[in-house]
Ligand code: E4P
């Protein structure tokens with residue numbers, strides 16, 4: 001399972017990618033709006049820190065505009081993945097960009113038929129948003145299992161990226177289902193590694209080792 005970070009904050013990316021376990025980055029216009037630096041500069045810094053795919057989202061809503069933006073974004077670094085919204089014009093843009101050899105992450109997916117359209121259009125990644133579905137009183141993770149099943153049925157190679165993750169249980173469920181990627185806000189990524197019993201257990205091992213050393217039974 002691949003773990004991406006869902007942030008445009010370069011400090012968080014630098015810190016969290018130091019373990020070598022961050023497989024890619026997703027950004028979106030809302031995340032970029034929180035950062036003071038110009039977008040291009042942020043993408044350049046992120047691409048220098050992370051080898052895996054870095055999603056950079058277009059803000060045009062017509063095919064020509066998305067293609068124009070996508071081509072420009074893809075020049076920033078070889079690991080840039082262009083992110084297009086799951087609308088008619090976005091799917092047209094996927095086809096054109098794919099012909100150029102540019103990989104596209106189709107974002108804002110909220111239904112199985114939308115995911116099928118993205119796969120048929122040639123998306124490299126499709127991003128269903130589980131948290132936002134939970135927010136409106138539906139079960140976001142059901143969408144992930146349905147898309148997994150349908151993609152298996154038809155042999156679609158588009159990768160399923162679980163987006164809008166809010167907590168570790170979303171990650172566990174995504175892994176059970178066999179989603180290809182989970183993109184995690186920095187706070188969720190940090191919390192995944194931690195378990196109080198690990199800290200308590202480690203402390204006990206160290207204390208017992210010290211006691212045994214003091215008692216002289218250890219050299
Ligand atoms: C994914 O690519 C999106 O940027 C992100 O996961 C959206 O999450 P949100 O619903 O918490 O804004």
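Just a few scattered comments:
- Simple label model, 7 Å out from Cα along Cβ direction - residue 145 to residue 193, nm: 3.2
- Most mobile listed residue (208, 180, 199) in the chain, GNM with C-alpha springs under 10 Å: 208
- Degrees, to the nearest 10: 196-214 long Cα axis against longest axis of the chain: 30
- With all projection directions averaged, the alpha carbon convex hull of the chain covers 15.4 nm².
- Cα gyration tensor, region 1-77 - rounded (a/c under 1.5), prolate or oblate: prolate
- Max mean-square fluctuation residue, GNM over the chain, Cα-Cα springs under 10 Å, options 181, 136, 87: 136
- The chain, helix-only ellipticity at 222 nm - DSSP H runs n ≥ 4, -39,500 (n - 2.57), divided by all residues, nearest 500: -15500 deg cm²/dmol
- Spacing of the modelled spin labels on residue 169 and residue 44, each 7 Å from Cα toward Cβ, amounts to 4.4 nm.
- For residue 87 and residue 111, the difference between the fully extended length at 0.36 nm per residue and the C-alpha to C-alpha distance is 7.4 nm.
- Modelled spin labels at residue 19 and residue 209, positioned 7 Å past Cα toward Cβ, are 2.0 nm from each other.
- Net length gained if the chain between residue 186 and residue 33 were fully extended (0.36 nm per residue, minus Cα distance): 53.4 nm
- Structural descriptor for region 38-88: relative contact order 41 percent, calculated from alpha carbon pairs under 8 angstrom and at least 6 residues apart.
- Between 0 and 90°, nearest 10: helix 63-74 axis offset from the chain longest Cα axis: 40
- Alpha-carbon centroids, region 161-211 and region 88-115: separation in whole Å: 32
- Principal-axis tilt of helix 168-177 within the chain, Cα atoms, nearest 10 degrees: 70
- For region 49-140, Kirkwood radius (reciprocal of mean inverse C-alpha pair distance, Å): 13.3
- Kirkwood Rh in Å, taken over region 158-219 so that all alpha-carbon pairs contribute: 14.5
Bear in mind these aren't lab numbers, they're just calculated from the coordinates by the rules spelled out. In this text, all values refer to a predicted model and were calculated from it rather than measured experimentally. FYI the Cβ positions are ideal-geometry reconstructions off the backbone, even for glycines, and counts take in every protein chain you see.
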